[in-house]
Amino acid sequence: MAKLTKEEVKHVAHLARLAITDEEAEKFAEQLGKITDFAEQLNELDTTNVKPTSHVLPIVNVMREDVAQKGLDREVMMLNVKEQEAGQVKVPPILED
Amino acid sequence: MTLFERSSKELQEGLHSGDFKIADLTNEAFARIEKLDGDVQAFLALNKEKALEQAEEMEKVPFEQRGPLFGLPIGVKDNIVTEGLETTCASKILEGFMPIYDATVVKKLRDAGMITVGKLNMDEFAMGSSNENSAFKTTKNPWNLDHVPGGSSGASAASVAAGEVPFSLGSDTGGSIRQPAAYCGVVGMKPTYGRVSRFGLVAFASSLDQIGPITRNVYDNALLLEAIAGVDANDSTSADVPVPNYVAALNGDIKGLRIAVPKEFLGEGVGEAARKSVLEALEVLKGLGATVEEVSLPHSKYALAAYYILSSSEASSNLSRFDGIRYGFRAEGVKNLMELYKETRAQGFGDEVKRRIMLGTYSLSAGTYDAYYKKAQQVRTLIKEDYDKVFENYDVIIGPTAPTPAFKVGENIDDPLTMYANDILTIPINLAGVPAISIPCGFENGLPLGLQIIGKHFDEETIYRTAYAYEQATDFTKQTPQIWEVK
């Protein structure tokens, strides 16, 4: 299970939306392989019937009254947007010709 | 020397008696930064103009309306958003990002009358143990500039240790407040998960992250935690548990306190000096009337692996928002949207962040989810149960904060696993969600060592009481690095 191939790293990079060169894929395959090797030690523990913990506090749902509150102004929201037009965010083409 | 050798109490006395004004304290911070930051490299952005304006305004507030932190300067870690003051998480991907609101803790600092003087360097997105993963600069340890200040809140600890500011805020996901506090010889508290609102803290691992105070003494630390703690409608994971008057617990009395010392915290991998300083501290605490017994936290050795899987998994999801579209860096010369995402993230993130995003993505993907992510969550349960069991019979758990003092800049940067091992003593505490403090307890070759005091959920009071009693019986928090002598 542990060793990651260069191809696996490239696939993971694609899922994570990271451009990656051949050289980088090789470097990361080695480094990530060491980390996943190290993580294998968790298999020494028998965790049958152990509940997973995703959160340490016994909080389930936090409710509030459904009352409309004023949000941030659009002008303020657009402050950090690099490309925009008429109050809209601009992006490159989603589909190619 | 500097006005900042004074504690918050002494600073308030000086303000009241007219020895100096609020603006003098603000100016002192900027003067110290100007003198020392060329060496220490702690600050990424300064808030000079607004801070001085604020100081002038605040001078008009009558003394009887001022709290114990009123008018005092503070530095804020750069993953906590500050309206109108650049916030980058020390990442190229957020270069130039101007927050449009304040984090809840920043609002609370303002309500307490504190003055934010600037933003503090860190490991990129809080991923790292040395500050070497910053995209902008490497902060240095004020006790020895060849050494790292620790991380990820390295500059939060270094700026306080250097006397640039008397207070700072850091954040702690696996030790990021406590380990740098230990390395820099200052006091750093990671509160109980949920004690402090995370609203406006740029998320790394949401089930582990917690904001906390870094100061030069225990009293000031307790004051600052009280100011920032409490439930917040903007953070549904903040806990609705009353915030006590922490400083009222600081009476020096720890008679009958039951201290547990886990044998796993003094065993393999822990340096001789760190071990010895903890044993000496336990003798001091015994002398004050505490009882000390050895216990076992049998799953400690699995914490590091579980932590890297869980924190990286959460990070891979949290950091998906950095896509170059709504804020931050955007790659140029791309053909389509997919390329925009990929190139922006490839050029904007550093290697450590990429490693963790990929580790997290891998751990969460079909085929590995059960073997990695779910397994790590189950191990987290076992670790938490270890702590629950010990706390049935003891008030605090004590051990070293880190296995060694600060290492040299460059020493571990090419070996992620060795770098991660610096956090073996702090990580389990985040997985269990309990609070813990690091306070100075000795030196090795002129570099500080830290004592870690761990408490029950929401019992920061007992931690502070213990830390204060120890501080009063020793003189480690009174020592300052040579850099203080700079004219």
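The values are calculated or read from the model by the stated rules, or taken from the named source; none is laboratory data. Note that this is a predicted model, so its numbers are computed, not measured. Every residue, glycine as well, gets a Cβ built from its backbone with ideal geometry; the counts of neighbours run over all protein chains shown. Only protein heavy atoms, including side chains, enter the accessible area calculation; ligands, DNA and RNA are left aside. Shrake-Rupley method; radii C 1.70, N 1.55, O 1.52, S 1.80 Å.
If only residues of the range A:69-92 that are open to solvent by less than 100 Å² (accessible area, probe 1.4 Å) and assigned to a strand (DSSP E or B) are counted, the one that is nearest to the other protein chains (Cβ to nearest Cβ) is A:Val89. A:Gln31 falls short on exactly one of the conditions (1) part of a helix (DSSP H, G or I); (2) modelled with pLDDT of 95 or more; (3) within 24 Å of B:Phe322 (Cβ to Cβ), and that condition is (2). Please state which of the following conditions B:Phe199 fails to meet, knowing it meets all the rest: (1) open to solvent by less than 10 Å² (accessible area, probe 1.4 Å); (2) assigned to a loop (DSSP other than H, G, I, E, B). It is condition (1) that B:Phe199 fails.
For the range B:40-63, which residues satisfy the criterion of being in contact with a helix residue (DSSP H, G or I) (Cβ under 7 Å, 6 or more places away or on another chain), surrounded by 14 or more Cβ atoms within 10 Å (Cβ to Cβ) and in a helix (DSSP H, G or I)? Across the range B:40-63, the qualifying residues are B:Val40, B:Lys48, B:Ala51, B:Leu52, B:Ala55, B:Met58. Kindly indicate whether any position in the range B:66-89 is more than 14 Å from every other protein chain (Cβ to nearest Cβ), surrounded by fewer than 24 Cβ atoms within 10 Å (Cβ to Cβ) and in a helix (DSSP H, G or I). The answer is no; no qualifying residue exists. Among the criteria (1) at the interface with chain B (Cβ under 8 Å from one of its Cβ atoms); (2) on the phi < 0 side of the Ramachandran plot, the one A:Arg17 does not fulfil is (2).
One residue is enough: does the range A:59-68 have a residue meeting the conditions outside any loop (DSSP other than H, G, I, E, B), within 8 Å of another protein chain (Cβ to nearest Cβ) and open to solvent by 30 Å² or more (accessible area, probe 1.4 Å)? Checking the range A:59-68: not a single residue is outside any loop (DSSP other than H, G, I, E, B), within 8 Å of another protein chain (Cβ to nearest Cβ) and open to solvent by 30 Å² or more (accessible area, probe 1.4 Å).
For the range B:19-39, name all the residues that are assigned to a loop (DSSP other than H, G, I, E, B) and within 18 Å of B:Gly113 (Cβ to Cβ). Let's see the steps before the verdict.
Restricting attention to the range B:19-39, the residues satisfying the condition of being assigned to a loop (DSSP other than H, G, I, E, B) are B:19-21.
Residues satisfying the conditions are B:Phe20, B:Lys21.
When the range B:293-341 is filtered for residues that are of a type in the set (Lys, Arg) and outside any loop (DSSP other than H, G, I, E, B), the ones remaining, listed by number, are B:Lys301, B:Arg321. In the range B:282-300, is there at least one residue being of a type in the set (Ser, Thr, Tyr), under 16 Å from B:Ser91 (Cβ atoms) and within 14 Å of chain A (Cβ to nearest Cβ)? No, the range B:282-300 contains no residue that is of a type in the set (Ser, Thr, Tyr), under 16 Å from B:Ser91 (Cβ atoms) and within 14 Å of chain A (Cβ to nearest Cβ). Summed over the range A:35-52, the residues that are within 8 Å of another protein chain (Cβ to nearest Cβ) and part of a loop (DSSP other than H, G, I, E, B) give a count of 5.
For beta carbons closer than 6 Å, sequence separation of 6+ or different chains, a first residue in the range B:180-192 that is among the aliphatic types (A, V, I, L, M) and assigned to a loop (DSSP other than H, G, I, E, B) and a second that is modelled with pLDDT of 95 or more and open to solvent by 10 Å² or more (accessible area, probe 1.4 Å), the qualifying pairs are B:Val186/B:Arg216.
Only residues that are crowded, with 21+ Cβ neighbours inside 10 Å and either modelled with pLDDT under 95 or part of a helix (DSSP H, G or I) (or both) were counted across the range B:262-292, and they come to 7. Filtered by the rule that a residue be touching an Asp or Glu at 6+ places or on another chain (Cβ under 9 Å) and open to solvent by 10 Å² or more (accessible area, probe 1.4 Å), the range B:350-370 gives B:Gly350, B:Asp351, B:Glu352, B:Lys354, B:Tyr362. Applying the condition of being surrounded by 16 or more Cβ atoms within 10 Å (Cβ to Cβ) and more than 9 Å from every other protein chain (Cβ to nearest Cβ) to the range A:20-34 and asking which residue is farthest from B:Asp351 (Cα to Cα) yields A:Gly33.
Just to be sure before I move on: is B:Ala229 at negative phi, open to solvent by less than 10 Å² (accessible area, probe 1.4 Å) and touching a Leu at 6+ places or on another chain (Cβ under 7 Å) in the structure I sent? Considered against the rule, which asks whether it is at negative phi, open to solvent by less than 10 Å² (accessible area, probe 1.4 Å) and touching a Leu at 6+ places or on another chain (Cβ under 7 Å), B:Ala229 comes out as no.
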